[in-house]
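Single-structure report; data block below.
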Amino acid sequence: MTQWIEYYDWLAALATVAVTLGIIGIGRAFFFRVPAIRDAVRKDAEQNHEKQTHKDKFYRGRVRTTRSIGIWLNLAFAVLVLPFIATLTPQSVGKVVLDMLLILLVYDFLYYLMHRFVFHGIGFFRKVHGVHHMARSRVSSVDAYLLHPIEMLMGLALYYLVTTGLVLATGERLQVTTLALGYAVYTQLNIINHCRVDLDRFPWKALNWVAMKHDAHHLSMSHGNYATITLLFDWLFGTLEVHPREGPGGAALGGR
């Protein structure tokens, strides 16, 4: 027991949680001040309100359950695992960035495989994922939480396993900044790619492209764009889909 306590760095775990929340909070406060982003957030919120108002029983219960599961899983990970893999010891910027990118890319590859061959396969898990696909084009940010509890558990568990696996593979703990940045990117991109975004000006047009690509996935259970962080693996394996609303000049904006 004493040996386990020696390796249990609760301060590093607490710092990771605090830095993660700080990055997300400051990032949102900064970007939401941009008029174009603020307008997009308002439109997305209107779409969320419409869905939750007219499909109250369909959305509220599932969204509430998903969020609760997420909170409890994150709490369990923060208490039981994070203190054994996080460190406050300074590391080079290069290592922090490399570790973060490695976590995100490995996760994205494994999630691509799970999403394509498990959730879009045949049988039980296809039905589980079918709950998420009840959200059809055009999706909005609330649809990121329209998940079966099993899918929520598998998605988060995969991210935890990749993060912990890197520590086990290298024998070296991950710096707090690595863990915080990686988790912030992972969670926020999963929300952004479900947002109702109609921005046709640089540099925000990139957000519209990301959202439109995932919206194409929601057109039916037979569409591609399976990756969730990047579309790299869809491009590599030939499952990159084009949304019908995308024209020669980019995404066709506006409308429902």
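The values are calculated or read from the model by the stated rules, or taken from the named source; none is laboratory data. All of these numbers come straight from a predicted model, not from anything done at the bench. Positions of Cβ are backbone-derived with ideal geometry, glycine not excepted, and every protein chain shown enters the neighbour counts. Each accessible area value is taken on the protein alone, full model and side chains, heavy atoms only, with ligands, DNA and RNA left out. Shrake-Rupley method; radii C 1.70, N 1.55, O 1.52, S 1.80 Å.
Structure notes:
- Filtered by the rule that a residue be among the polar types (S, T, N, Q) and open to solvent by 30 Å² or more (accessible area, probe 1.4 Å), the range 188-204 gives Gln188, Asn190.
- His218 at pLDDT below 95 and either under 19 Å from the mean Cα position of the chain (by Cα) or charged (D, E, K, R) (or both): yes
- The residues in the range 89-98 that are open to solvent by 80 Å² or more (accessible area, probe 1.4 Å) and not in a helix (DSSP H, G or I) can be counted, and the count is 2.
- Residues (farther than 20 Å from Gly224 by Cβ and either open to solvent by 10 Å² or more (accessible area, probe 1.4 Å) or not aliphatic (A, V, I, L, M) (or both)) located in the range 128-153: Ser140, Ser141, Tyr145, His148, Pro149, Ile150, Met152, Leu153
- Scanning the range 4-13 for residues that are in contact (Cβ under 8 Å) with a residue 24 or more places away in the chain and assigned to a helix (DSSP H, G or I) yields Tyr7, Trp10, Leu11, Ala12, Ala13.
- Subset of the range 205-220 [in contact with a helix residue (DSSP H, G or I) (Cβ under 8 Å, 6 or more places away or on another chain), part of a helix (DSSP H, G or I) and either of a type outside the set (A, V, I, L, M, F, W, C) or open to solvent by less than 10 Å² (accessible area, probe 1.4 Å) (or both)]: Ala211
- Every residue from the range 25-57 that is closer than 16 Å to Val197 by Cβ, of a type in the set (D, E, K, R) and part of a loop (DSSP other than H, G, I, E, B): none
- One residue alone among Leu113, Leu101 is under 23 Å from Arg136 (Cα atoms) and part of a helix (DSSP H, G or I), and that residue is Leu113.
- Qualifying residues in the range 56-74 (those that are without any contact (Cβ under 8 Å) to a residue 24 or more places away in the chain and surrounded by 12 or more Cβ atoms within 10 Å (Cβ to Cβ)) - the one farthest from Met100 (Cα to Cα): Arg60
- Unique residue being surrounded by 12 or more Cβ atoms within 10 Å (Cβ to Cβ) and more than 20 Å from Val185 (Cα to Cα) when the list is Val41, Val34, Val79: Val79
- Selected residue [free of Cβ contacts under 8 Å to residues at least 60 places away in the same chain and not basic (Lys, Arg)] from Leu80, Leu105, Leu147: Leu80
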